[in-house]
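So the structure is just underneath, and the comments pick up after that.
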Amino acid sequence: MDTIVIEGGAALRGVVPVSGAKNAALPVFAATLLAPGRYLIENVPDLRDIRTIAALLVELGAAARLAAPGVWEVDTSGANHFEAPYDLVKTMRASCLVLGPLTARLGRARVSLPGGCAIGERPIDQHLKGLEALGASIAIEHGYVEAARSRRLTGARALMDLITVTGTMNVMMAATLAEGRTVIENAAREPEVAALADFLNAMGARVTGAGTPEIVIEGVDALRPANTRIIPDRIEAGTYMTAAAITGGEVTVEGIDPALVANITGKLHEIGCVIKEGAHGVTVGAPEVIRSVNVNTAPYPGFPTDMQAQIMALLAVGDGASVITETIFENRFMHVAELRRMGADIHVHGATATVRGVASLSGAPLMATDLRASASLVLAGLAAEGRTTISRVYHLDRGYERLEEKLRVLGARIQRDPGQ
């Protein structure tokens, strides 16, 4: 099994391009099921999760191939199967995004209950509640969600009891083919939701309000294929920005709209980083002293839960005590034990972690537990004294494209060991 080996202590400097956002690409792939035909999707990151969603589309009868680097061609003309099997869905929670499109277009969906990173329960009850509001019947049997409609879905008011990105996306996609108006209240406001709405509108949908707490969808009789370009990955960008800070360097993240990462740059500025924003990127210079701050994760536009582990690694070598409160996922402190193996002073009580900065971390053998935890361990390894080895790095391959290569260009001493 692959491991990543890092010799810490190098200050990262230079320019790094940001890839397309996995969390924007996955719903776009699922949305192609809404209308038969051929699609071209550009700026798609080369990631394990992308290959999984493509394999799922093929399982459903579509054709999906990598036409050129970063460009996928999808043809859903033959997509007439309605079952998303456990073997594919178990590895990636976003597979549940096919539930809404299949129910709306084919009238039936059988989707295995999803898997993914072990960071909490992440139930899909809001997805199911929303589809039921549109007129679908829902049953859960033998580990599968069974959704069906006896007639066309009907527009309705769908109130999300809690903010859910994939739940908002699933209901929004299903509602595009419903009869009448659907209003999603307490909708997720993430840029990836707005990007999906833009794609759906290019297909002929009538979606307004995406990016606000209320999304309105006027159903149409049919959609048509469209081409699209995936937006940049704001979490990847934030990870490289944090890498500059933790290593004492200066990095320009190229290809990111500063507005997409304002919640991250705001916190890095508070920590003491020097931030320069341009039309096509953000430059982060490390602070002389990493100041302690408090961090509360929150739905967008709040500080993203997907950056919590990375900011914790940075604060672990800060000046003073910081408090991090995780409000989104209940199991998202599993990286703490590994950071403590490196000498970090972190104590967890419930949903709160108290981080007391230490002068330095020391390299150690570590084990990754989920995608963003993996990234935090890489950041800690870059700053640590000596060698760090990280196992179970397949988690990283789900969300970061060419991570080691990009970091090496910035001056990191990092290699992947294929093992035995």
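Laboratory data are not the source of any read-out in this text; all were calculated from the coordinates shown. All figures in this text were calculated on a predicted structure; none of them were measured in a lab. Neighbour counts run over all protein chains shown; Cβ positions are idealised from the backbone, glycine included.
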Legend entry - Angle in degrees between helix 165-175 and the longest Cα principal axis of the chain, rounded to the nearest 10: 20 degrees
Legend entry - Residues of the stretch 201-221 with amide N under 20 Å of the 7 Å Cα→Cβ point at Asn296: 213
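Given R₀ = 25 Å, FRET efficiency for Arg38-Val220 by Cβ-Cβ distance, to 0.05?
Values: r = 20 Å, r/R0 = 0.79.
In this case the efficiency is close to 0.80.
Let me know the whole percent of all Cα-Cα pairs from the stretch 236-309 that are separated by more than 20 Å.
Values: 595 of 2701 pairs.
Within the stretch 236-309, distances greater than 20 Å cover 22 percent of Cα pairs.
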Legend entry - MRE, 222 nm, helices only [DSSP H, n ≥ 4, -39500 (n - 2.57), over the chain, to nearest 500]: -8500 deg cm²/dmol
Legend entry - Residue-by-residue Karplus 3J(HN,Hα) for the stretch 253-259, coefficients 6.51, -1.76, 1.60, Hz, glycine and proline x: 8, 9, x, 10, 6, x, 5
Inset, instruction - Could you work out how far apart the two model spin labels at Asp417 and Arg340 are, taking each label as a point 7 Å from the Cα in the direction of the beta carbon, and quote it in nm? - result: 2.6 nm
Inset, instruction - Can you pull the one-decimal nm distance between simple spin-label points at Arg151 and Glu83, each 7 Å off the Cα toward Cβ? - result: 3.0 nm
Legend entry - Separation of the Arg206 and Ala139 label points, Cα + 7 Å toward Cβ, nm: 3.5 nm
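What is the projected area of the convex hull of the Cα atoms of the chain, averaged over all directions, in nm²? If you can, show how the numbers build up before the last one.
Working: hull surface 74.0 nm².
Result: a mean projected hull area of 18.5 nm².
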Legend entry - Furthest towards positive pole of dipole, Val358, Thr265, His81, structure part the chain, Cβ charges: His81
Inset, instruction - Only Cα pairs under 8 Å and at least 6 apart count here; give the relative contact order of the stretch 197-289 as a rounded whole percent. - result: 23 percent
Legend entry - the stretch 361-420-the stretch 182-253 distance, computed between alpha-carbon centres (Å): 28 Å
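Would you mind classifying the stretch 320-416 by shape? Square roots of the alpha carbon gyration tensor eigenvalues, ordered a ≥ b ≥ c; an a/c under 1.5 is rounded, otherwise it is prolate if a/b is larger than b/c and oblate if not.
Numbers: a/c = 2.06, a/b = 1.36, b/c = 1.51.
Oblate, because a/c is 1.5 or more while a/b does not exceed b/c.
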Legend entry - Between helix 22-31 and the chain: long-axis angle, C-alpha atoms, 0 to 90°, nearest 10: 10 degrees
Legend entry - Long-range HN-HN contacts of Ser77 with modeled amide H, under 5 Å: Gly37, Ala63
Inset, instruction - Would you list the P(r) distribution for the stretch 251-351, with all Cα-Cα distances sorted into 5 Å bins from 0 and each bin expressed as a whole %? - result: 2, 12, 22, 23, 20, 13, 6, 2, 0
Legend entry - C-alpha long axis of helix 191-202 to longest principal axis of the chain, angle in °: 30 degrees
